[in-house]
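None of the figures in this text is laboratory data; all of them are computed from the coordinates on show. What you are looking at is a predicted structure, and each value in this text was computed from that prediction instead of being measured. Reconstructed Cβ throughout: ideal geometry from the backbone, glycine too, with neighbour counts over all protein chains shown.
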Ligand SMILES: *Cc1c(COP(=O)(O)O)cnc(C)c1O
């Protein structure tokens with residue numbers, strides 16, 4: 001068994017043993033503009049940057065989107081709103097999808113965050129906060145039209161349209177969320193649209209929003225006054241099975257820590273799930289399930305060395321994965337392999353892993369050396 005060694009030196013790409021995640025902020029801005037081109041004036045484009053901008057780093061992503069013209073940002077939780085507070089433009093709206101939980105009223109009011117009110121208790125809670133502050137407070141009403149997740153029942157929303165029922169609240173928008181927008185043929189899309197049209201008609205002077213990334217591509221009837229893409233901004237294909245109209249945003253390069261040549265009989269990794277059948281060169285790469293690299297890619301994922309596809313062999317472990325690089329003789333420890341990028345779009349990796357691109361992005365690890373490129377000029 002031969003072990004190949006070449007000293008690894010620290011370089012511009014972080015610690016020598018780290019894999020590198022590159023996030024292309026210019027591509028995010030370009031994707032924002034591509035999505036906006038799908039819209040007719042005066043429909044605008046908000047940005048959903050929950051879960052730390054789908055794992056890509058909201059503190060860097062939000063300024064890039066703001067520079068591209070975005071003035072409305074959605075996060076899931078109050079903590080996420082706090083985290084982007086300093087990087088959103090002064091006049092931009094920061095909206096919190098999970099709504100208002102008891103005890104959060106003060107923080108929402110002080111910061112000017114807009115809660116998405118999801119049930120009658122949240123509406124009443126925010127109205128009480130408005131009464132005690134003596135001024136109207138901004139709010140979004142979320143109507144459940146078919147997700148059965150968050151949101152007011154359509155009947156409750158219609159009841160709130162009666163005169164005086166929303167006293168104290170300055171409605172910023174009425175929104176709903178699509179369950180199957182990436183499946184254009186799903187009849188639920190049209191049903192949700194019809195229910196939403198009925199509700200929004202009761203609030204004629206309030207802005208309305210229904211479409212997420214894929215919803216933008218259904219047809220213009222789904223656009224209303226503003227759309228709320230998240231995933232598509234980050235390069236996820238909103239049109240599964242069709243060409244992706246958006247630019248790739250993430251590149252992940254795995255660092256090779258060690259290379260070894262092994263002869264049969266021999267197995268690779270935990271559980272000895274891969275058995276060597278001939279002389280094999282194995283590269284061990286610094287990415288494992290603790291880095292969000294799915295364990296389900298054990299014995300089925302791939303990496304690329306240049307244009308050469310090399311298979312994952314053995315189980316993906318916590319910190320490491322192993323590749324069969326027998327076909328790539330000129331590789332040495334310290335070199336990198338492509339794990340996500342031009343040859344390996346995030347949607348394809350997700351499919352191989354039995355999940356969706358959203359999950360791959362949001363789980364991208366904290367141990368990667370992160371490089372942001374193409375950002376707006378710092379002021
Ligand atoms: C996450 C989310 C979005 C964005 O969805 P994408 O599919 O990522 O575009 C929009 N609206 C709501 C309510 C969401 O929860």
For the stretch 162-250, what's the relative contact order in percent, using C-alpha pairs closer than 8 Å and at least 6 residues apart?
-> 23 percent
Alpha-carbon Debye profile of the stretch 223-293, log10 I(q)/I(0) at 0.14, 0.19, 0.21, 0.23 Å⁻¹ = -0.72, -0.90, -0.97, -1.05
Rounded to the nearest 5, the percent of DSSP beta bridges in the chain running antiparallel is 55 percent
With springs only between Cα atoms under 10 Å, which of 265, 240, 154 fluctuates most in a Gaussian network model of the chain?
-> 265
Taking only Cα atoms, what is the 0 to 90° angle, nearest 10, from helix 58-67's long axis to the longest principal axis of the chain?
-> 60 degrees
Distance in nm between residue 153 and residue 326 label points, each 7 Å along Cα→Cβ, equals 6.4 nm
With springs only between Cα atoms under 10 Å, which of 195, 277, 251 fluctuates most in a Gaussian network model of the chain?
-> 277
Ellipticity estimate at 222 nm from DSSP helix runs (n ≥ 4, -39,500 (n - 2.57)) divided over the chain, nearest 500 | -7000 deg cm²/dmol
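Once you sort the root eigenvalues of the Cα gyration tensor of the chain as a ≥ b ≥ c, which label holds: rounded (a/c under 1.5), prolate (a/b larger than b/c) or oblate (the other case)?
The shape class here is prolate.
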Here FRET efficiency (C-beta to C-beta, residue 295 to residue 258, R₀ 25 Å, nearest 0.05) is 0.75
Alpha carbon centroid spacing (whole Å) that separates the stretch 124-154 from the stretch 47-75 = 24 Å
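Considering Cα pairs under 8 angstrom that are at least six residues apart, work out the relative contact order of the chain and quote it in whole percent.
Numbers: 827 pairs, mean separation 77.9, N = 379.
After rounding, I find 21 percent.
Rounded to the nearest 0.05, what FRET efficiency do residue 202 and residue 373 give with R0 = 56 Å and r taken as the Cβ-Cβ distance? Could you check?
Values: r = 47 Å, r/R0 = 0.83.
With a Förster radius of 56 Å, E is 0.75.
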Spin-label pair residue 267/residue 309, simplified geometry with 7 Å Cα→Cβ offset, distance in nm = 2.7 nm
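Across the stretch 31-133, how large is the tail of the calculated P(r) beyond 22 Å, expressed as a percent of all Cα pairs? Don't skip to the end; give the middle numbers.
Working: 1811 of 5253 pairs.
That fraction is 34 percent.
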With the chain treated as a Gaussian network of Cα nodes joined by springs under 10 Å, which of 362, 336, 280 yields the largest mean-square fluctuation?
-> 280
Applying 1/(1 + (r/R0)^6) with R0 = 30 Å to the Cβ-Cβ distance of residue 86 and residue 133, what FRET efficiency is obtained, to the nearest 0.05?
-> 0.80
